[in-house]
Amino acid sequence: MKLNLYYAPCPVQKFEEKLDYLSTQRSKNPKSALTTLASGIRLFSEQFGLNCHIEIIDMQLGTEEMFYKKFKYGPKELLCYGLGYPFEKYEAKYRETPIHGISSNFTNGAQLVADLAKYIKKVNPGSLVIIGGTDATFRPGFYLENGADIVIKGEGEYTFTRVLDAYANKKDFSAIPNVCVKNGSYTDKIDKSGLLDMNILRPMALDLIYDLYEYGDTGEGQPPACIEKPYVCFETSRGCYNNCSFCTTPAKGKYRYMTVDSVKKHFDYFKSKGIRTLLFQEDNILSRIQRNSKGEYIYPGGREDIIEIFRMAREYRFSWEFANGLEFGKLFYNDTYDYDLCEALLWNDRNSARHAGCYRVQIPIENLSDDADKKFPKLKSFSQQLEILKTIVQYGITYHNYNVIIGYPEDSTESINNYISKCFTIKNELHRACPDYNPYFNIFALALLPGTVDYKNFNSRLKFDIDRHPEVVSMYIPSMDTNTLSYYEVFLKRAYMSHELNGRLIEKYDGNLIYI
């Protein structure tokens, strides 16, 4: 059975009179969604007696700009493009293959995914087009009305394989949990009864990637010169114990994680493939050390497992970064640092011929309001956060990326100026602690992602119909007014804040992002 899996071209936007993009392009970061899915399909296909030939087609590796629409954004025209390879390049693949799977994780790329689905159906009307991913999970109707025959909600490895079995044996697709079909009844709720045990997963199917070295972006900007390719994104767990209102993870399933022995199997595989650098992209690797209301660990042995995992990574001489954020508040409990945990996570060797260990951390500051620790329980007070950051830099981790979100209803010019002041406090205090300190501030707009608490609470504030213009559900393109600022004013504040804090580093980390 032949199966193609696709990443659609990368969504990019610009203003008509400007050459620069409005958002960062990470098209060449080593995406793991489809290699993980392919590995899972191979595993479960054996159980169903299926013989699947899988091909991964990453349209984001091209450099062509393909204009597809424009619309009014504030006082300007927003032009929308797909960046990558054009749909036409793969017409032969569409014709020769009966089943096509498309990944749609991010709402801002939904139109390109839908257009690809419709293009495939035009070229090969009898083929089966399946769409999955986070955005498809929470907006199945949009995709079923725009080219998809089937939408898979939630985790895809087992469910996708059941769809393939149903296709091969002419069974009813709609009888499969978490499968939505055209003209059928469906909701955005996920049946979580079949969530996968992380320990049964095999290493991702890197054999399906033609050239691992082609993926030269870590996803967090240019790494230090000493960091070597090839890179791989990796998750040792799924889910998160926090319930951040802006995040889709809490709606997708409970927290699960691999044992140390399982992680070792993946590390061995990466080593065999020549992988040099690990990009830990999981939602929260430190949920293993979540405590209950009594201060007791929910997972006995979870802390020791983390320490052992990173001891192994050290032994394998991998370099690594925490590409999806490190819940740095967990390094500090009851006014005491967990130095053993810090040493495991942050160890690095920059003196050998080849760098090993941690080289960069992404820090989810998220919110810099004066009561941020009340809105987001994972956060410490600003003064505590500052002290923890000083500890991190003392371990030789000089590259810090900070995530800050603006655009909540209460945000105003005054509050945003306060956020800028706090960011400069971080920069100045840590520069004093370490002259080699290299900070970068990712200033994000609140993106109302379907499936999140924020979407449920604030979607009535959206100034756009996201079925018509999904591009505005983006961390770079605000789409919601605050109580005192228009969405376009929030856009200007975001651009101003980013340039004030980062200056010329923007070109190094994010390319020539627009500045108004």
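The values are calculated or read from the model by the stated rules, or taken from the named source; none is laboratory data. Note that the coordinates shown come from a computational prediction; the quantities given were computed from them, not determined experimentally. So basically every Cβ, Gly included, is an ideal-geometry build from the backbone, and we count neighbours across all protein chains shown.
Just wondering, is there one or more residues in region 224-236 that are part of a loop (DSSP other than H, G, I, E, B), closer than 16 Å to Glu155 by Cα and not assigned by TED's automatic domain parsing to the domain that holds Gly141? Yes: region 224-236 contains one or more residues that are part of a loop (DSSP other than H, G, I, E, B), closer than 16 Å to Glu155 by Cα and not assigned by TED's automatic domain parsing to the domain that holds Gly141.
In this structure, does Ser127 turn out to be surrounded by 24 or more Cβ atoms within 10 Å (Cβ to Cβ), among the polar types (S, T, N, Q), in contact with a helix residue (DSSP H, G or I) (Cβ under 9 Å, 6 or more places away or on another chain) and closer than 16 Å to Leu5 by Cα? When the stated conditions are applied, Ser127 does not pass them. Does Leu449 meet the test of being under 27 Å from Tyr81 (Cα atoms), part of a loop (DSSP other than H, G, I, E, B) and in contact (Cβ under 8 Å) with a residue 60 or more places away in the chain? Answer is yes for this residue.
Condition check for Ile516 on (1) modelled with pLDDT of 95 or more; (2) surrounded by fewer than 15 Cβ atoms within 10 Å (Cβ to Cβ); (3) of a type in the set (Val, Ile, Thr): one failure, at (1). Remark: Arg432 matches the filter, which requires a residue to be without any contact (Cβ under 8 Å) to a residue 40 or more places away in the chain and either assigned by TED's automatic domain parsing to the domain that holds Lys69 or of a type in the set (Lys, Arg) (or both).
As a summary of the residue check, Ser174 satisfies the conditions (1) farther than 25 Å from Thr248 by Cβ; (2) surrounded by fewer than 18 Cβ atoms within 10 Å (Cβ to Cβ); (3) not charged (D, E, K, R) except for the one numbered (1).
For region 160-207, a residue qualifies if it is more than 20 Å from Asn4 (Cβ to Cβ), in a helix (DSSP H, G or I) and not assigned by TED's automatic domain parsing to the domain that holds Pro140, and the qualifying residues are Met198, Asn199, Ile200. So which residues in region 48-79 are touching a residue at least 24 places away in the same chain (Cβ under 8 Å) and within 30 Å of Phe280 (Cβ to Cβ), if there are any at all? Those that are touching a residue at least 24 places away in the same chain (Cβ under 8 Å) and within 30 Å of Phe280 (Cβ to Cβ): Cys52, Ile54, Glu55, Ile56, Ile57, Asp58, Met59, Gln60, Leu61, Gly62.
Just give me the residues in region 457-500 being of a type in the set (S, T, N, Q), surrounded by fewer than 17 Cβ atoms within 10 Å (Cβ to Cβ) and in contact (Cβ under 8 Å) with a residue 12 or more places away in the chain, in sequence order. Selection gives Asn457, Asn483, Thr484, Ser486. Residue-level check: of (1) in contact (Cβ under 8 Å) with a residue 12 or more places away in the chain; (2) of a type in the set (Gly, Ala, Ser); (3) over 14 Å from Tyr21 (Cα atoms), Gly503 misses just (1).
For region 332-373, a residue qualifies if it is in a helix (DSSP H, G or I) and modelled with pLDDT of 95 or more, and the qualifying residues are Tyr339, Asp340, Leu341, Cys342, Glu343, Ala344, Leu345, Leu346. Asn51 meets the conditions (1) within 25 Å of the chain's Cα centre (by Cα); (2) in a loop (DSSP other than H, G, I, E, B) in every case but one. The failed one is (1).
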